[in-house]
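The values are calculated or read from the model by the stated rules, or taken from the named source; none is laboratory data. Everything numeric here is computed off the predicted structure, so don't read it as measured data. Using ideal geometry, Cβ is built from the backbone for each residue, glycine included, and neighbour counts are taken over all protein chains shown.
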There are 2 protein chains.
Amino acid sequence: MKKAPHDPFLYTQIAESIESQIQNDVLKVGDKLPSLRTICKEFGVSQSTAIQAYLQLEKKALISSKPKSGYFVCFSVHKFPPLPHSSKPFILGNNNDVDVLIQSVYNRVLGDDVVNLSQSIPSQEILPIAKLNKGIINAMRVIKGGGTEYDLIQGNESLRRQIARHAYAMQAKIKPDDIISTAGCSNALLFSLISVTKRGDTIAVESPVFFGILQLAKSLGLTIIEVPTNPQTGIEMDAFKQLLKKGKIQACILISNFSNPIGSCMPDENKKEVVTLAERYGVSIIEDDLYGDIYFGSERPKSCKTYDESGNVLWCSSISKTLAPGYRVGWVAPGIYKEKILQLKLNHSMSSTTLTHQVIAHFLESGRYENHLMKLRQTLQANLFQYLKAIGKYFPPGTSVSRPQGGLVLWVEFPKNISTTELYKKALKNKINIAPGKMFTLKNQFENCMRLSYGLIWNDKVEHALETLGRLSVLV
Amino acid sequence: MKKAPHDPFLYTQIAESIESQIQNDVLKVGDKLPSLRTICKEFGVSQSTAIQAYLQLEKKALISSKPKSGYFVCFSVHKFPPLPHSSKPFILGNNNDVDVLIQSVYNRVLGDDVVNLSQSIPSQEILPIAKLNKGIINAMRVIKGGGTEYDLIQGNESLRRQIARHAYAMQAKIKPDDIISTAGCSNALLFSLISVTKRGDTIAVESPVFFGILQLAKSLGLTIIEVPTNPQTGIEMDAFKQLLKKGKIQACILISNFSNPIGSCMPDENKKEVVTLAERYGVSIIEDDLYGDIYFGSERPKSCKTYDESGNVLWCSSISKTLAPGYRVGWVAPGIYKEKILQLKLNHSMSSTTLTHQVIAHFLESGRYENHLMKLRQTLQANLFQYLKAIGKYFPPGTSVSRPQGGLVLWVEFPKNISTTELYKKALKNKINIAPGKMFTLKNQFENCMRLSYGLIWNDKVEHALETLGRLSVLV
């Protein structure tokens, strides 16, 4: 595309290239054009040639300049009104549409005026953004090439050391070399599932369970058994034992601490028993311990990994729920599956994001993480109290709600006649986003349930949103 | 773990916790201990309690302080010498060991004194690190929460617009909405392969081919046919047509421009024909166009995507080979597979790394990328010339070498009796890292070949390394 700068028709060629981009919707009406400076750089031409090109487009009334802002596309040569997008029927109430529903809840570009109660992440105000930003600047200086280089395949050494140190609070014997860093916890779960199962295998999960786990398992061709789960103590041990005895499952995924969405925390004795039984029956445990650090009790709950002697537990976690979802920093301590997962990471992703992994390593090393967690727990616990109070006040009689001892989400069960899928649609019109219950199962159930994050700082707007949800719920 | 600060035995408990970490190898001899300040923060204790704890450990001679540096572990209670690591037999010459070989070439922590000719990435000196660092600071300020928030599932809007604009140089009609951002190109290839194949399917690839593609396809349970490939024009059209006619393959992966490792660039007419044929036979094309921007000719070569009218080509690329491998910024324009890949991205990774994707968006928008590419192409072309000259001078008679018109790697074919697996071992002892030919096949061939990156800036050290390789090659 680069031409010698003495070409007499150069500006025409530049103009034609841009006109063609407008014709082909690469540039749309209202889009800002590259600056003259950029055009000079990209085409290797003088400023006057760039100006000529833009003048030509202006003459055609395709672009126009705004003072101090630059050039904008003002007309497209398409003579007809734009074609409608391909239809994406959003017909709810049918179980096949759960995928569409999930994409709708998560993929929608929400305005700042929407109260988003659907995502289980803490709101920006609770995050130590300024400290993290400082950490970025520091990391950029400390690591070679400012993070442009590939990370080690196993992951940042300092990060792994800090995770091992941090994990010590739950009395699990994890060494730095036992850990592999990943792009968030979902990436850790993916590697774990691929390592311990093959297409056609059956796995057990809690019920209701985080939709990402269901979607992931489904995409790997696994059959999923949803096991009865108590909102306080987690997976029902009797049901789990039955499954093991029948030899039906090859692996199970447990959100052992403050399960998403039901909020349960498995008692220590259950964790221990699950680990012992799973090993006896040759079933691998993938432990999703994403919320364990957000405990409201006096100490960090233990994990299944704490009781793992043989390396049969793949412990997965991240800082996405406590610090910076957009950093993509997670990890897995995969026990005996370490070599398999190293190979997978090399093949699938080659490297983590070098910079953000270093930032988190240092954030943990400096003690800032513990410090932040202390505040986060306090804030979220206070939040939880307010949310529960408001639900009691505004939601219809007959509504039940979980009492999580940690984590970020509530599980709300409306009276049977209330459809949260309908509520979702009505709420969105009122600028409130929720996660309907049917997202958390493959069995077309929980139609009267929803997951509600209490990650948003409590204020009048949130209270008003809950009041509105209560009001709307009796209308659907 | 946190205790009330008035607990009289608090410092003992802190000391015990650290002692136990030393016992369990979480902290090893020589490791720096957390600062007193960190201990105070993490345990919520006073400075004097923290000092007491460290004094107790010092008395046991487990730790010692170094002036102005802090405390270090100086003795472990393990009485015995450390256990050797689990053995990882590195017996080469056997095809099953290719996985081990690849991990060895890539996973090894190399000292700064090693001349690394094995990785197809440009060296740090050629990268605009300072400008990228400025970009990080800028992005941190521009995006909400400094990049702590999840990115959009489809990816940063501005990045997608810039990629579409950039792709215009190869005359492919790609719109911002056709693109999905990914964690580098390997992630794009993974999503693409999962979308167009199922376990048991057969795919065609070039031969030799980037080992990551082979490993990825193998891990997805695919059968791989390695198709004869010309070092100038790429995949042999007759062989490809035969495959199509026999109805043997469901998809093919093509590194259409400056193939890794063989350096070929498919002529336009071949690209066009491949696209037409593949569509006729219902075979999907995954195009790995990772090197297309590093062309030494007068203009950017076109891609298969340029000729794709039906959406049957999944065009994958990234900035890992031109700008910042550690940023993990890649993308795919998946044609008709867009919805499938959006779903996969949601399930597998939820979000890209928000910060680095924004940095690259702005780098492209400002014209800095084009500017950088111009310099990069010049440098690499000059490099290529020097490398080729040195190979001619120092390598044994009968050695042949590719003449890439772009990209980053050379394919060297030694006389038949020379084993590059043996050369690899000898070279590593001489602090030179190469990529033996057998990494690039599943068929136990190319034993006398190797891939050599010319991404390292030409200097005496590199010349000496090539001279050494030449000398060693006749000894193996």
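Looking only at residues of segment A:138-147 that are aliphatic (A, V, I, L, M) and more than 7 Å from chain B (Cβ to nearest Cβ), we find that the one that is surrounded by the most Cβ atoms within 10 Å (Cβ to Cβ) is A:Ala139.
Tallying residues that are under 23 Å from the mean Cα position of the chain (by Cα) and in a helix (DSSP H, G or I) within segment B:211-238 yields 9.
Rundown of residues vs (1) modelled with pLDDT of 90 or more; (2) assigned to a helix (DSSP H, G or I); (3) at the interface with chain A (Cβ under 10 Å from one of its Cβ atoms), yes/no style:
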site: B:Gly111; (1), (2), (3): no, no, no
site: B:Ser120; (1), (2), (3): no, no, no
site: B:Glu149; (1), (2), (3): yes, no, yes
site: B:Ile153; (1), (2), (3): yes, no, yes
site: B:Ala164; (1), (2), (3): yes, yes, yes
site: B:Ile174; (1), (2), (3): yes, no, yes
site: B:Cys185; (1), (2), (3): yes, yes, yes
site: B:Leu193; (1), (2), (3): yes, yes, no
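Taken residue by residue, segment A:287-301 has at least one member that is over 21 Å from A:Ile126 (Cβ atoms), at pLDDT 95 or above and more than 14 Å from chain B (Cβ to nearest Cβ). Residues being touching a residue at least 60 places away in the same chain (Cβ under 8 Å) and not in a helix (DSSP H, G or I): count how many of those fall in segment B:446-476. Going through segment B:446-476 one residue at a time, the tally reaches 11. Restricting attention to segment A:284-309, the residues being in a loop (DSSP other than H, G, I, E, B) and either under 14 Å from A:Leu380 (Cβ atoms) or not charged (D, E, K, R) (or both) number 10. How about segment B:195-210: which of its residues are in a loop (DSSP other than H, G, I, E, B) and among the aliphatic types (A, V, I, L, M)? Matches in segment B:195-210: B:Val209 only.
Of everything in segment A:180-201 that is under 17 Å from A:Ser284 (Cβ atoms) and among the aliphatic types (A, V, I, L, M), the residue that is surrounded by the fewest Cβ atoms within 10 Å (Cβ to Cβ) is A:Ile194.
Please go through segment B:319-329 and give me each residue that is facing another protein chain (nearest Cβ under 10 Å) and touching a Ser or Thr at 6+ places or on another chain (Cβ under 8 Å), ordered by number. Within segment B:319-329, B:Leu323, B:Ala324, B:Pro325, B:Gly326, B:Tyr327, B:Arg328, B:Val329 qualify. The residues listed here are B:Val205, B:Val209; of these, the one that is away from chain A (no Cβ under 14 Å), farther than 22 Å from A:Gly221 by Cβ and at pLDDT 95 or above is B:Val205. Looking at (1) free of Cβ contacts under 8 Å to residues at least 40 places away in the same chain; (2) outside the structural domain of B:Leu466 (by TED's automatic domain parsing); (3) surrounded by fewer than 17 Cβ atoms within 10 Å (Cβ to Cβ), can you tell me which one B:Asn133 breaks? B:Asn133 satisfies all of (1) free of Cβ contacts under 8 Å to residues at least 40 places away in the same chain; (2) outside the structural domain of B:Leu466 (by TED's automatic domain parsing); (3) surrounded by fewer than 17 Cβ atoms within 10 Å (Cβ to Cβ) except (3). Considering each of B:Lys248, B:Lys241, B:Lys271 in turn, give the residue that is among the charged types (D, E, K, R) and in a loop (DSSP other than H, G, I, E, B). Just one listed residue meets the conditions, B:Lys248. Scanning segment A:330-377 for residues that are part of a loop (DSSP other than H, G, I, E, B) and in contact with an Asp or Glu (Cβ under 6 Å, 6 or more places away or on another chain), we see that the one that is farthest from A:Ile180 (Cα to Cα) is A:Gly367. Considering segment A:215-259, and only residues there that are of a type in the set (Lys, Arg) and under 21 Å from A:Leu442 (Cα atoms), the residue that is farthest from the other protein chains (Cβ to nearest Cβ) turns out to be A:Lys248. Considering segment A:14-44, and only residues there that are more than 11 Å from every other protein chain (Cβ to nearest Cβ) and modelled with pLDDT of 85 or more, the residue that is nearest to B:Ser298 (Cα to Cα) turns out to be A:Ile14.
Here B:Leu410 meets the list (1) out of contact with any strand residue (DSSP E or B) (no Cβ under 6 Å at 6 or more places or on another chain); (2) buried (at least 16 other Cβ atoms within 10 Å of the Cβ) almost entirely, failing just condition (1). Against the criterion of being farther than 27 Å from B:Trp331 by Cα, in contact (Cβ under 8 Å) with a residue 40 or more places away in the chain, touching a Pro at 6+ places or on another chain (Cβ under 7 Å) and more than 14 Å from chain B (Cβ to nearest Cβ), A:Ile262 qualifies.
The number of residues in segment B:427-445 being more than 17 Å from B:Val100 (Cα to Cα) and outside any loop (DSSP other than H, G, I, E, B) comes to 3. Would you point out the residue of segment B:450-476, among those that are in contact with a Ser or Thr (Cβ under 6 Å, 6 or more places away or on another chain) and crowded, with 17+ Cβ neighbours inside 10 Å, that is nearest to B:Ser400 (Cα to Cα)? Per the criteria, the residue is B:Met450.
Contact map, segment B:224-240: first residue not assigned by TED's automatic domain parsing to the domain that holds B:Glu273, second residue surrounded by 15 or more Cβ atoms within 10 Å (Cβ to Cβ), Cβ cut-off under 7 Å, separation 6 or more or different chains; the map is empty. The residues of segment A:338-392 that are more than 11 Å from chain B (Cβ to nearest Cβ), in contact with a Gly (Cβ under 9 Å, 6 or more places away or on another chain) and polar (S, T, N, Q), listed by number, are A:Gln381, A:Asn383.
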